[in-house]
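A short worksheet on the structure shown next.
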Amino acid sequence: MHRLAPEAKVAGVVGFVVVVALTPATALWAFGVHALALAGVIATARLRPGFVASRAAVVVPFIAFAAFVPFVASGERTEVLGVAVSAEGLVAARTILLKAVLGTTTSVVLAATTEVPAIMAGLARLKVPAPITTIATFMVRYLEVLAGELRRMRTAMAARGHNPRWLWQARPIAASAGALFVRSYERGERVHAAMLARGFDGTMPVIHPRRATAAEWAGAAVLPAVAGLATLAAVVTT
């Protein structure tokens with residue numbers, strides 16, 4: 001998994017996520033096959049389950065609203081622990097949870113086995129437009145720089161008696177956010193001018209050019225292929 005060409009891994013991940021999204025909501029066994037196939041990839045990559053689970057937990061706040069779907073959805077009602085809920089809403093909530101967890105876990109596996117520059121290089125080899133990959137590369141590169149700048153501004157605010165945790169401190173917080181935007185914009189202009197002076201032509205140079213072999217494409221296709229067969233069988237039998 002770690003040695004596969006990035007474009008093969010990215011294509012495999014996208015294919016798997018698309019297959020999971022197309023899986024019928026009622027085919028629970030198909031979701032089980034997807035989970036087992038993904039668990040096999042995690043084991044092959046020698047990633048610790050706790051490591052993957054802790055990073056996949058980031059999706060929890062985004063799927064929390066799924067818990068409210070059975071209460072607000074219409075249709076036939078059923079009882080769960082003495083509470084009347086929508087049967088269709090239960091199915092929808094379960095499907096949202098399964099698909100979100102599988103998709104997020106897949107992204108965690110990709111990020112854990114592939115460096116960000118390699119992912120961007122793989123996207124470029126998959127013919128993703130250069131402006132998109134270039135913007136994403138710089139976003140990842142300078143995100144930590146901007147976070148450090150924000151921490152220094154927060155420290156300066158606290159040293160001057162401002163407490164950013166309280167609502168009445170919204171004005172200095174807004175002023176700091178505006179100053180950070182201006183600084184980041186000016187930094188971007190300076191970086192862009194420096195790159196143009198060094199011959200930048202709109203695309204990032206590739207230091208170690210490498211193309212995926214047929215064996216690597218075949219290896220990356222195993223996960224979406226297994227998931228695709230399970231989804232196809234679920235669609236046929238539904």
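Values quoted throughout were computed directly from the atomic coordinates according to the rules given, and no laboratory measurement underlies them. Being a predicted model, the structure only gives us computed values, none of them experimental. As a convention, Cβ positions derive from the backbone with ideal geometry for all residues, glycine included, and neighbour counts pool all protein chains shown.
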Fully extended, how many nm does the chain gain between residue 147 and residue 90 (0.36 nm per residue separation, minus their Cα-Cα distance)? 16.5 nm
Using a 10 Å cut-off on Cβ atoms, rank the peptides 185-194, 95-104 from the highest mean neighbour count down. 95-104, 185-194
Can you compute 3J(HN,Hα) from phi for each residue in the stretch 4-12, using the Karplus curve 6.51 cos²θ - 1.76 cosθ + 1.60 with θ = phi - 60°, rounded to whole Hz and x for Gly and Pro? 5, 4, x, 5, 5, 5, 4, 5, x
log10 I(q)/I(0), Debye, Cα-only the chain, no solvent, q = 0.10, 0.14, 0.17 Å⁻¹? -0.72, -1.07, -1.20
In nm, the gap between the two label points placed 7 Å beyond Cα toward Cβ at residue 111 and residue 182 is 3.3
By how many nm would the segment from residue 192 to residue 14 lengthen if fully extended, with 0.36 nm per residue of separation less the alpha-carbon distance? 60.9 nm
Projecting each Cα onto the charge dipole of the stretch 1-79 (Lys/Arg +1, Asp/Glu -1 at the beta carbon, about the Cα centre), which of 18, 61, 45 comes out farthest on the positive side? 45
Along the Cα-to-C-beta direction of residue 36, a point sits 7 Å from the Cα; which residues of the stretch 98-115 have their amide N less than 20 Å from that point? 98-99, 101-103, 105-106
For the pair residue 66 and residue 236, what calculated FRET efficiency results from E = 1/(1 + (r/R0)^6), where r is the Cβ-Cβ distance and R0 = 25 Å, to the nearest 0.05? 0.35
Estimated translational D of the stretch 1-75 in µm²/s (Stokes, Kirkwood radius over Cα pairs; 25 °C; 0.890 mPa s): 165
Extension reserve of the residue 210-residue 26 stretch, reckoned as 0.36 nm per residue once the Cα distance is removed: 62.0 nm
Label-point separation (nm) for residue 218 and residue 171, each offset 7 Å from Cα along Cα-to-Cβ? 7.0
What is the sum of charges, Lys and Arg at +1 and Asp and Glu at -1, for the other residues whose Cβ falls under 15 Å from the Cβ of residue 30? +2
Phi to ³J(HN,Hα) by Karplus 6.51 cos²θ - 1.76 cosθ + 1.60 over the stretch 194-201, Hz, x for Gly, Pro: 5, 5, 4, 5, 9, x, 5, 10
